[in-house]
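The values are calculated or read from the model by the stated rules, or taken from the named source; none is laboratory data. What you see is a predicted model; the values in this text were computed from it and never measured. With ideal geometry, Cβ positions are generated from the backbone for all residues, glycine too; neighbour counts draw on all protein chains shown.
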């Protein structure tokens, strides 16, 4: 049973996302990994759409989904999903142009 068929407009999609997440928790607790995966993916999509990718709720659901994916033997997919949470690495510092001056020692 899908909580959101994509065609019906819901007045508050975050409420639907909360429900999908809670139901996903319940299915994961029962070991019904495929159902939990589907529900967490629905919740993640709605949270990202309405709260943005940096939201703590998005990060939480991403973690729950990754746990389920690992249980299903989809470790590579879980790793990719969790990589979305990591900030981009800063560019490497450029080396200074020219030679470094030798230090002078005071006597």
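Being out of contact with any helix residue (DSSP H, G or I) (no Cβ under 7 Å at 6 or more places or on another chain), surrounded by fewer than 13 Cβ atoms within 10 Å (Cβ to Cβ) and modelled with pLDDT of 95 or more narrows it down to one of 30, 38, so name that one.
30
Give the residue, chosen from 54, 2, that is modelled with pLDDT under 95, within 11 Å of the chain's Cα centre (by Cα) and not in a helix (DSSP H, G or I).
On inspection, the qualifying residue turns out to be 54.
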